[in-house]
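J.: Okay, here's the structure, questions in a sec.
The values are calculated or read from the model by the stated rules, or taken from the named source; none is laboratory data. As the structure is a prediction and not an experimental result, all values here were calculated from the model. Reconstructed Cβ throughout: ideal geometry from the backbone, glycine too, with neighbour counts over all protein chains shown. These area figures cover heavy atoms from the full protein model, side chains too; ligands, DNA and RNA do not enter into them. Shrake-Rupley method; radii C 1.70, N 1.55, O 1.52, S 1.80 Å.
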Amino acid sequence: MRKQKKIVVFSGAGISAESGLDTFRDSGGLWANHNVEDVATPNAWIKNKNLVLDFYNKRRKHAFNAKPNIAHHCIASLEDSFEVQIITQNIDKLHERSGSSNVLHLHGEIDMVKSTGTNKIYKHGNKDVLNGDLCPDGHQLRPHVVWFGEDVPNMNKAMSIISSADVLIITGTSLNVFPASNIIFYAPKMSVKYLIDPSNVRIKDIDNLIVYKEKASVGIPKIVDKLLTGNL
Ligand code: APR
């Protein structure tokens, strides 16, 4: 039996934009309306826990109310014909909700919480997290999200996944945030790489890059169709 080609998808906030979720750095994005220092750093948590909890409680509600869009669904459909692994910077679960089964989150998951005492992770669902919500060991719970300045625990796993990709699809990310955005350089030189983004995302020194300067809802279906009809 011919070994299935391996497709790796590296996604960011832009793939969820057409599901109605804010990106970070587009005009009107989350960082245009919030100061990162106030809501997405360990210092922010020490300074004003309630402001941080409120920021993620609002994002959790939006994420649960959003629906996967055609880009998520097309990516999920690739699993019928290929080995597919998604590596996402997103904390929403739209890839999973569209049917993708192998999703690695680099920056956390909005439906999970973490104990501030033991770092143990718990499923939490769509409930708010409030000051005074404690883990079984009695420590305050926080969103299971990687804040600026914190380690990205899944980086090594992501690098090993991407190092055996035959095809890499990069979409919805400005590639502004390290170390996450660095993983694209771990894809094999010979792998075919697609970049789908309506803006001018610059990637220097990468081989075999094909750019679709389009929204994910337009570019992803085209690429998925190409892959499913055998034109890698
Ligand atoms: N389809 C595809 N791409 C889109 C769309 C769309 N409909 N709309 C916007 N984009 C693109 C933008 O052009 C931009 O390149 O999505 C990208 C969004 O970039 P960012 O807002 O920087 O989001 P992202 O790259 O995911 O941010 C990475 O930064 O703040 C941290 O932890 C946060 O995971 C996040 C990380």
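J.: May I ask you to list pairs of residues, at least six apart or on different chains, whose Cβ atoms are under 6 Å apart, with the first in the range 85-112 being open to solvent by 40 Å² or more (accessible area, probe 1.4 Å) and the second being of a type in the set (D, E, K, R) and part of a strand (DSSP E or B)?
T.: none
J.: Sort out which residues of the range 19-42 are assigned to a helix (DSSP H, G or I), surrounded by fewer than 18 Cβ atoms within 10 Å (Cβ to Cβ) and either free of Cβ contacts under 8 Å to residues at least 24 places away in the same chain or among the acidic types (Asp, Glu) (or both), and write them in order of number.
T.: Answer for the range 19-42, where residues must be assigned to a helix (DSSP H, G or I), surrounded by fewer than 18 Cβ atoms within 10 Å (Cβ to Cβ) and either free of Cβ contacts under 8 Å to residues at least 24 places away in the same chain or among the acidic types (Asp, Glu) (or both): Trp31, Ala32, Asn33, Glu37, Asp38.
J.: Follow-up question, since we're still on this one. Can you tell me which residue among Pro136, Pro198 is surrounded by fewer than 19 Cβ atoms within 10 Å (Cβ to Cβ) and within 16 Å of the ligand (Cβ to nearest atom)?
T.: Pro198
J.: A further question on this structure: Could you run through the range 174-194 and say how many residues are more than 7 Å from the ligand (Cβ to nearest atom), surrounded by 20 or more Cβ atoms within 10 Å (Cβ to Cβ) and within 15 Å of Gln89 (Cβ to Cβ)?
T.: The total comes to 2.
J.: Which of the following residues is at pLDDT 95 or above, within 16 Å of the ligand (Cβ to nearest atom) and farther than 19 Å from Val224 by Cβ: Leu104, Leu130, Leu168? Lay out the reasoning, then the answer.
T.: Values: Leu130 fails: within 16 Å of the ligand (Cβ to nearest atom); Leu168 fails: farther than 19 Å from Val224 by Cβ.
Only one candidate passes the filter, namely Leu104.
J.: Give the range 204-218 a look and list any residue that's farther than 23 Å from Asn182 by Cβ and open to solvent by less than 90 Å² (accessible area, probe 1.4 Å), or say none.
T.: Passing the criteria: Glu214, Ser217, Val218.
J.: Just for the range 8-18: of the residues that are in a helix (DSSP H, G or I) and aliphatic (A, V, I, L, M), which one is surrounded by the most Cβ atoms within 10 Å (Cβ to Cβ)?
T.: Ile15
J.: I'm trying to understand the selection: among the residues of the range 222-232, which are farther than 18 Å from Pro188 by Cβ and open to solvent by 30 Å² or more (accessible area, probe 1.4 Å)?
T.: Correct list: Lys222, Asp225, Lys226, Leu228, Thr229, Gly230, Asn231.
J.: Ok, one more. Test Lys47 against the criterion of being closer than 20 Å to His107 by Cα, of a type in the set (Lys, Arg) and surrounded by fewer than 18 Cβ atoms within 10 Å (Cβ to Cβ), and give yes or no.
T.: So Lys47 fails the test.
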